Amino acid sequence: MQTFLDKLSAEIIQSHGNNLNAITIVLPNKRARIFLLEALKRQLNGTVFAPTIISIEDFVQDVAGIRSIDSIELLFEFYEIYLVLTPKDKQQNFETFANWGKTLLGDFNEIDRYLLEPDKVLKYLENIQEIEHWAVDVDKRTSMIASYLEFWKQLPSYYHTLYNHLLDKGTGYQGLIYREAVKNIDHFSEAFKGHLIFGGFNALSAAEEKIIQHLMMNGQANIYWDIDYTFLNDHYHDAGLFIRRFKKDWKQYAGNEFKWITNDFSTPKDIRIIGTPKTVGQAKIAGEIIEQIQNSGQSLDKTALVLGEESLLIPMLYSLPANVGSLNITMGYSSRNNPAQVLVQKLFKLHTNALARSEKSYTLYYREVLDVLTHPLVEPYIGADYLINSINRNNITFLSLSKLFEIQGRASDFFKLLFERWDENVGNVLQRLSDIMLVLKSYLSTDDEEDKIAKAFLYSIFKVINKLINYQDKHEQINNLAVLHSIYKQVIDLAEVSFEGEPLSGLQVMGVLESRVLDFENVIITSMNEGKFPAGKTQNSFIPYDVKRELGLPTYKEKDAIYSYHFYHLLLRAKNVYLLYNTESEGLDAGERSRFLTQLEIERQPNHNLVSTIYNASLPPRAYEPMHVPKTESVMTRLHEIATGKGFSPSALTGYLRNPIQFYYQRILRISEVDEVEESIALNTLGTIIHGALEELYKPTIGRFLTLHDLDTMATLADDEVMRQFVTVYKEGEIKKGRNLLAFEVAKRNVHNFLKLERQGLTDGDAVKILALEHKFERLLQHPDLPYPVLIAGNIDRIEERNGRIRITDYKTGKVEKRNVSLKTWEGLTQGIKNDKIIQLLCYAFMYEPLANGMEIEAGIISFKNMKAGFMGFTFADAYDKSIPVTDTITAETLTSFTAQLVSLINEILNPEIAFEEEMA
């Protein structure tokens, strides 16, 4: 394959021999420079001085004698001009100004690049706005409409003042430099003694056209195009839109040869159009294609992976095969998704919110603290595991700085940089952010590939912060944190991460614009969807579409043609082409299939082997296979340890019925749930609080009969006791406002309602003696069907003697109804979770029976969400023999029937042949 740069280098050597230092080669971008130098080396036999190779932008700067201004600096300079020209009462803050200022600067740039008369264009815009408001009587115009029209009248003043201001400083935006270069082209042409070669261009602005044509007319320059017959001769093909016009309109081609028209697109090519759902699917398939190329024995040096959207870069890197050697990323990546920029935003949020809450206490919100501590750039180096665990374990919602540093203990300098108080001194804040970037850089390795990428992210934000430090010294309006934050959010959009690698070896990962002039044998292009490739009809401009068409400014039609040229140029000399697109038509990253794919299919070349396929993830017969854990020897040993040691609790047994895998995790592996801050009180926490409050209130009455006076005393103490339980259980969580305050009131109401229920019972003549509260009981279950005696153990909420019977009560925070504790048959009692409450109650009765001294036993539930039902006792009504009366007494016969079911359940748990099987919802 002879690439365009190979052909260009051969032409240069044929025309200029070894006298290369006398020529200057101008290319569309900087990236192609090293490829051209390599192509020249292959043509040369000896050592010569290399030619000067520069990008078109650098060349135009040389012609104009003006340096390019940074986009962020330009925005600040424009704001200074705006403040001077705008009455003080109509001035906007920087954040509001930047929203339209960036758009207006883009329009100024286009006006200058296409050499239009600014006064004429801007007056045109003003007249359009005036016409739109003719319907409004001049005398009746509101101040808002008047201000709006005044803005349009000001545009010429903004333009000229900014233009002259930048010119005086010897700097300029791209359009200004281009306009000045056209003015200076005669002087440059007279002074220039060498020869210029322009190569690989497609779309040119009016200024670029004028400069190149002037130099060609003077015999100081040649231009070499790279266009195929297929595109040039088809008057409807957008890939040839610009070059067709240049070939037709440029006077230089009236009698001179037009170089070069190739015939490479019609050569044999394998083109695979591959559709797959979602962005990640494209990344996975691209990784598989690269692996296939490697396995076929081909070198990746001639393979390009072109990302249609920059957000695909990170998932793409994780999808590449591990054996990819050299990897060169050459593309821009938006700072929006930059991890370092995300960290800076989190720090702004943490500290500005802390200042807003209280200037004195400087209170930090736990979630914002954890966001910083667990950030991937911070977590490996901060050493804050104890702090994170303490916040979660103690339910700390808000932390003062002193509390934060007290928990952390010996805080590192890095920790202090992140969390020490911010003040309103903008310079100090920016310096601290800069120091944080430097500290993070010091932690990163110079050899690790992932660390190199992280350093690129850090460096891009480091540059922005240090620019802001310089601007803050010059611009007095950056005088508080709110302004700084708004400015930061605006300027970060203008910053991007620039990845630049060694492009001569390995896989080339690039954006669309970075592919200009380059040719590859294997090309993989992602995001071939409308709105991504091509970009679509986005128009961030104050100049309407029809006005742009009239004035000759580029519209989305021309931008689509530029994308079309880039796309077809990538395919021009490629042998194997893979075009990936997202098949999803809905969602954030969705879009219709690109028109370029349809165009390829309709205009299919005879030598093209074009195949379209849809890749879907291979789906198993079942979406999810339930987990299956066999009972190994170590598992059986652990079960024996539980059964004969701590014992099986009623909740453990019902937990097994609910999901054996959960039982395995919690009881066998002893894995507990991770501590997390309960910002809002959970139901189980609320239940713990109510249980604790009732226990403390009833403790003084254990062992004697309750009186109405006891209940009056409890009612008086209830609120304070609930508060104490909140503080004990919820620790340092916020309970004085919001939903937690409501939960506190609910807890108090539940306790008072319970006491009212108790009072009603005493009033009705019940004799109640509390025997035990929140007490642990246990009993050994011995049965011939069991492999060994098993201990049943657990806490019972309340045991009392009521009217000559033993009553066992279990409190439930959730809603329970009478049917949940009514049993009609013993068969299948332990076959499902529906009888869990009955199993719990009968386990309690089984444990307490030896201590009942022959008294009748009843067991039931009091549901705080169904308090009107009162005590709901267990009942048995035989479904097969209606003559047997319903009983609410737990007799020896009842426990015998239950024990048989319990033994069956425990045997299943202890059976080595029955694995733990996950229950599917």
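Starting with the highest mean, order 474-481, 836-843, 168-175 by the number of other Cβ atoms within 10 Å, averaged over the residues of each peptide. Walk me through the intermediate numbers first.
Numbers: 474-481: 14.4, 836-843: 22.9, 168-175: 17.4.
Ranked from most to least packed, the peptides come out as 836-843, 168-175, 474-481.
Converting phi to 3J(HN,Hα) with the Karplus coefficients 6.51, -1.76 and 1.60 and the offset θ = phi - 60°, segment 340-350 yields 5, 5, 4, 4, 4, 4, 5, 5, 4, 4, 4 Hz in sequence order, with x at every glycine or proline. With the simple model of a label 7 Å out from the Cα in the direction of the Cβ, Thr637 to Arg357 spans 4.9 nm.
On full extension, the segment bounded by Ser55 and Ala482 gains 149.7 nm, given 0.36 nm per residue less the C-alpha separation.
Quick check: net charge around Thr613, other residues with Cβ under 14 Å of its Cβ, Lys/Arg +1 and Asp/Glu -1? Working shown, then result.
Details: positive: Arg272, Arg593; negative: Asp270, Glu288, Glu601.
Net of charged neighbours comes to -1.
Could you give the length gained by full extension between Arg604 and Ala715, i.e. 0.36 nm per residue of separation minus their alpha carbon distance, to one decimal place?
Working: separation 111, 0.36 × 111 = 39.96 nm, distance 8.72 nm.
Gain on extension, Arg604 to Ala715, equals 31.2 nm.
If the chain linking Glu496 and Ser311 were pulled fully straight, counting 0.36 nm for each residue of separation and taking away their Cα-Cα distance, it would gain 65.4 nm. Each residue of segment 797-804 is assigned a 3J(HN,Hα), and the resulting list reads 4, 7, 10, 9, 9, 10, 6, x Hz, derived from the Karplus form 6.51 cos²θ - 1.76 cosθ + 1.60 (θ = phi - 60°), x at Gly and Pro. Name all residues of segment 187-211 having a backbone nitrogen under 11 Å from the label point set 7 Å from the Cα of Trp260 along its Cα→Cβ direction, giving them as ranges. Hits in segment 187-211 for Trp260 at 11 Å: 200. Peptide packing: for 188-196, 100-108, the average count of neighbouring Cβ atoms within 10 Å per residue gives the ranking 100-108, 188-196, highest mean first. Taking the C-alpha atoms only, the angle from helix 836-848 to the longest principal axis of the chain is near 40 degrees.
Across the cross-link table entries Lys102/Lys169; Lys736/Lys776; Lys748/Lys834, which are compared at the Cα atoms, the separations over 25 Å belong to Lys736/Lys776; Lys748/Lys834.
Each Lys or Arg adds one and each Asp or Glu takes one away; over the other residues whose Cβ falls under 12 Å from the Cβ of Met627, this sums to -4. Annotation: aspartates and glutamates with alpha-carbon distance below 13 angstrom to Lys251 (same-chain offsets under eight excluded): Glu209. Highest mean packing comes first when the peptides 215-221, 687-693, 246-252 are listed by Cβ atoms within 10 Å, giving 687-693, 215-221, 246-252. Which of the aspartates and glutamates could a cross-linker bridge to Lys120, judged by Cα under 16 Å and excluding same-chain residues fewer than eight apart? Correct list for Lys120: Asp107, Glu110, Asp112, Glu130, Asp546, Glu550. The Cα atoms of segment 337-499 give a gyration tensor whose axes a ≥ b ≥ c have a/c of 1.5 or more with a/b no greater than b/c, which makes the shape oblate. Find how many whole Å separate the alpha carbon centroid of segment 198-223 from the alpha carbon centroid of segment 814-887. For segment 814-887 versus segment 198-223, the Cα centre distance is 94 Å. Listed by chain and number, the lysines whose alpha-carbon sits under 23 Å from that of Lys349, ignoring those within fewer than 8 places in the same chain, are Lys360, Lys403, Lys416, Lys441, Lys463, Lys467, Lys489, Lys737. The mean sequence distance of close C-alpha pairs (under 8 Å, at least 6 residues apart), as a share of the length of segment 679-766, puts its relative contact order at 42 percent.
Counting Lys and Arg as +1 and Asp and Glu as -1 over every other residue whose Cβ lies under 10 Å from the Cβ of Tyr159, the net charge comes to -3.
Using only C-alpha positions, report the orientation-averaged shadow area of the convex hull of segment 70-172, nm², one decimal. Working shown, then result.
On the way: hull surface 28.5 nm².
That works out to 7.1 nm².
Between Ala767 and Asn795, how high is the FRET efficiency from 1/(1 + (r/R0)^6) when r is the Cβ-Cβ distance and R₀ = 30 Å? Nearest 0.05. Intermediate results must be reported in sequence, preceding the final value.
Numbers: r = 25 Å, r/R0 = 0.85.
The formula returns an efficiency of 0.75 here.
How many percent of DSSP beta bridges within the chain run antiparallel, rounded to 5? Antiparallel bridges make up about 35 percent of those DSSP assigns within the chain.
Model label sites at Lys247 and Arg622, defined 7 Å from Cα along the beta-carbon direction, differ in position by 6.4 nm.
Close amide-amide hydrogen proximity is noted between Thr24 and His195, Leu196, Ile197, each under 5 Å apart and 5 or more residues distant or on a separate chain (H modeled in the peptide plane; Pro and chain starts excluded). Along segment 597-610 the Karplus relation, 6.51 cos²θ - 1.76 cosθ + 1.60 evaluated at θ = phi - 60°, assigns HN-Hα couplings of 5, 5, 4, 4, 6, 5, 9, 4, 7, x, 8, 8, 8, 10 Hz to successive residues, with x for each Gly and Pro.
No lab work stands behind these numbers, since they all come straight from the coordinates. Keep in mind it's a predicted model, so treat the numbers as computed, not measured. Every residue, glycine among them, receives a Cβ derived from its backbone with ideal geometry; neighbour counts consider all protein chains shown.
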